[in-house]
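Heads up, the thing below is written out as structure tokens.
The values are calculated or read from the model by the stated rules, or taken from the named source; none is laboratory data. Note that the coordinates shown come from a computational prediction; the quantities given were computed from them, not determined experimentally. No Cβ is skipped: glycine too gets one built from the backbone with ideal geometry, and neighbour counts run over all protein chains shown.
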There are 2 protein chains.
Amino acid sequence: GSNPELGGFGGSFDLEKAGYKNPMLVSGTDGVGTKLLLAQKMKKCCDIGVDLVAMCANDVLTHNAESLFFLDYYACGSLTLDVAREVVSGIARGCKMAGCALIGGETAEMPGVYPTGSYDLAGFVVGAYEKGRDRPLPCLEEVIPGDVIIGVMSSGIHSNGYSLVRRVVEISGLELNDPAPFEEGKSLVLPLSTKTGESLLTPTAIYSKLLLPVLRSTNQIRAVAHITGGGIVGNLKRVLPSNMAAILDARSWPLQSVFGWIASVGNLHTDEMLKTFNCGLGLCIVTSQSTADDVIMKCNDALSSINLKSYKVGKVVLKKENTESVAVNHLTEMLYKSYSHKTPKLTNGIASGDHG
Amino acid sequence: GSNPELGGFGGSFDLEKAGYKNPMLVSGTDGVGTKLLLAQKMKKCCDIGVDLVAMCANDVLTHNAESLFFLDYYACGSLTLDVAREVVSGIARGCKMAGCALIGGETAEMPGVYPTGSYDLAGFVVGAYEKGRDRPLPCLEEVIPGDVIIGVMSSGIHSNGYSLVRRVVEISGLELNDPAPFEEGKSLVLPLSTKTGESLLTPTAIYSKLLLPVLRSTNQIRAVAHITGGGIVGNLKRVLPSNMAAILDARSWPLQSVFGWIASVGNLHTDEMLKTFNCGLGLCIVTSQSTADDVIMKCNDALSSINLKSYKVGKVVLKKENTESVAVNHLTEMLYKSYSHKTPKLTNGIASGDHG
């Protein structure tokens, strides 16, 4: 539906050509936080555009909306063409993965606001669902005790918590070019010698295009939470009615060892991990008990192309007074396990001992 | 049409409720450039949000599209609530002036990217026109020799060229709190003692809501150019067919003295002024000869609430080989006049002589 040739002072998009007759528009804007600083330090900005699109498109997905088009804002101290080209090519690749058109953007050179070599990125996506055909999500009034929480694996840290990540790297004494002491995100097949900085830059998974058909295939999906800043607790809470709570069991999904490494090296309390990081789950889907297995199967089919999986990770219960809306049991244990069983790798020569 | 209560992970907008059945979406993104630095230095950020909305909404207007909703990205080193509140209230006011809904936004705290006290802003707007009812603009194939260029006054410098403006302030030796040696934007009734910095922060005029009914009232509008970075020449050129040129006469509209001051103090060539600043025109409308007077009358009616006017400023001609697409005659003279006739004011006590 996009018409980039129209050009001029903005981008156009034809909703009819995209198959919408009575659309509700859903729009989101986001940045990638201080993951940018890591990318800039590593001089590896090829994937930061994927992160940018992911942050926006996954938000729109939570409304059962298809990401239609994207615009970016790229602001820098002084334009370095190579960097800009790399960033924008990542954005274009991200848009392809998200199934949306890159119809415009703004490049701003602002000496005095950004130091030379520094830049910031903001993304903006517009999506739609068809009224009468697609269920508006979240559908809080349908959530009932016994509903299942399906967890969709993240590809790694995604794009939140990087101020803390950078502090942890500092504490660890590791250089960004040193081999990573943790396993990379499960979605990536990287050589064992992956650099710490590179591994930490694993791009955010883009679920929108892959999972939208799953969400639209049943009327039993109650809600989808995109796990961003605020972590599992902060984001899952937003899609639960105030009288319901969710109980998750961290033993039910594979937790990437990077989270164990962060918790261990940073000496972080499980609660802080939960509030800051996705802890292995990029999305949580709330669905009825009867359809959960089917939804998981469909999700796994859809996610196989990006090497991710989904799991039954918890359930909805009636919220008792003075209890948390979201509890994640056994996370401390799983954080410990995710990293500690990597110890042999560490003692076999790499950075053992000197990263405490 | 907006539904901010849905909240959660993005904002929703109902096109049907906004009166669109077969809409073409038009979207734009922009920032306010280094005008931000001036606002930060003056600690006066109440209007910078108006600038942000203006830059986006005026772009969308050029497509004959109504601005429907807006999202902002606010990124800073560390959040100062007072400043953020002031900025966002300006954005909300701008949205009201543009006739669009503020349905969401992102506030990012990024220490390390932005120094403390510094921030950047990006805006995103989505607009629409109804296919079959509203003409898509620009309509380049209809532009013919003899067509009239209507110039719509700017409120001042708007939001482009501020790196140069800041350099000129430096050269002038003026402090931002010194009384302005030039008259403020015509749209503002400010006391004579207006500070230089304040006057330079005169917010960008928002034309979208006021002029959309005018653009939609006739089928004789060929194109609208929003005069931003690149000035009159760069932006008007974009809406002319390659075999046509525009000739403007700078004596036909009132040029604010701030432009004369910039040219004089900065010792800038007229060509550089033309490429950098709007030089008094915020929009150029290309229309047929027969409707020009009527369009001007309607524009003036619509613009009276913000104290601006429109003028017949030029015409379309066949482009001769090796000539410019856009020529603005008599600008040097008008730049000189706009500022030099203010000399009496200067010699009557303020900052005479010492700002060369």
Of the listed residues (B:ILE247, B:ILE285), the one being buried (at least 16 other Cβ atoms within 10 Å of the Cβ), within 15 Å of B:ASP147 (Cα to Cα), more than 14 Å from every other protein chain (Cβ to nearest Cβ) and in contact (Cβ under 8 Å) with a residue 40 or more places away in the chain is B:ILE247
Exactly one of (1) away from chain B (no Cβ under 11 Å); (2) under 23 Å from A:ARG216 (Cβ atoms) is unmet by A:LYS21. Its number?
(1)
Here the residues within segment B:65-77 that are within 8 Å of chain A (Cβ to nearest Cβ) and not hydrophobic (A, V, I, L, M, F, W, C) are B:ASP72, B:TYR73
Can you find a residue in segment A:276-294 that is at positive phi and not in a loop (DSSP other than H, G, I, E, B)?
no
Check on B:PRO241, in a loop (DSSP other than H, G, I, E, B) and closer than 21 Å to B:ARG135 by Cα
yes
So if I check each of A:THR62, A:THR34, A:THR29, A:THR80, which one is at the interface with chain B (Cβ under 7 Å from one of its Cβ atoms), over 20 Å from B:GLY11 (Cβ atoms) and touching a residue at least 24 places away in the same chain (Cβ under 8 Å)?
A:THR34
Please go through segment A:42-59 and pick out each residue that is surrounded by fewer than 22 Cβ atoms within 10 Å (Cβ to Cβ) and facing chain B (nearest Cβ under 10 Å).
none
Going through segment B:250-269 one residue at a time, which ones are surrounded by 17 or more Cβ atoms within 10 Å (Cβ to Cβ) and outside any helix (DSSP H, G or I)?
B:TRP253, B:LEU255, B:GLN256, B:GLY266, B:LEU268
Is at least one residue of segment B:41-60 in a loop (DSSP other than H, G, I, E, B), of a type in the set (Asp, Glu) and either modelled with pLDDT under 95 or within 23 Å of B:ALA302 (Cβ to Cβ) (or both)?
yes
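Quick check: anything in segment B:206-216 of a type in the set (Gly, Ala, Ser) and surrounded by fewer than 22 Cβ atoms within 10 Å (Cβ to Cβ)?
Scanning segment B:206-216 turns up no residue that is of a type in the set (Gly, Ala, Ser) and surrounded by fewer than 22 Cβ atoms within 10 Å (Cβ to Cβ).
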Does segment B:116-124 contain at least one residue that is in contact (Cβ under 8 Å) with a residue 24 or more places away in the chain, closer than 18 Å to B:CYS46 by Cβ and part of a loop (DSSP other than H, G, I, E, B)?
yes
Pick from segment A:109-124 the residues that are buried (at least 23 other Cβ atoms within 10 Å of the Cβ) and at the interface with another protein chain (Cβ under 8 Å from one of its Cβ atoms): which of them is nearest to B:LYS35 (Cα to Cα)?
A:VAL113
Exclusive hit being out of contact with any Gly (no Cβ under 9 Å at 6 or more places or on another chain) and over 30 Å from B:ARG216 (Cα atoms), set B:ALA75, B:ALA84:
B:ALA84
Quick one: which residue in A:GLY99, A:GLY127, A:GLY94 is under 21 Å from the mean Cα position of the chain (by Cα), away from chain B (no Cβ under 13 Å), surrounded by 24 or more Cβ atoms within 10 Å (Cβ to Cβ) and not charged (D, E, K, R)?
A:GLY94
Exactly one of A:SER325, A:SER305, A:SER290 is more than 25 Å from A:ARG222 (Cα to Cα) and not aromatic (Phe, Trp, Tyr), and that one is A:SER305
Check on A:SER290, over 15 Å from the mean Cα position of the chain (by Cα) and among the polar types (S, T, N, Q):
yes
Select, from B:VAL126, B:VAL113, B:VAL168, B:VAL148, the only residue that is β-branched (Val, Ile, Thr) and touching a Lys or Arg at 6+ places or on another chain (Cβ under 9 Å).
B:VAL148
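In segment A:96-108, is there at least one residue being under 30 Å from A:PRO23 (Cβ atoms) and part of a loop (DSSP other than H, G, I, E, B)?
yes
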What is the number of the single condition among (1) touching a residue at least 40 places away in the same chain (Cβ under 8 Å); (2) more than 9 Å from chain B (Cβ to nearest Cβ) that A:VAL88 does not meet?
(1)
Do the conditions hold for A:LEU140, that is, is it within 14 Å of chain B (Cβ to nearest Cβ), surrounded by fewer than 22 Cβ atoms within 10 Å (Cβ to Cβ) and over 18 Å from the mean Cα position of the chain (by Cα)?
yes
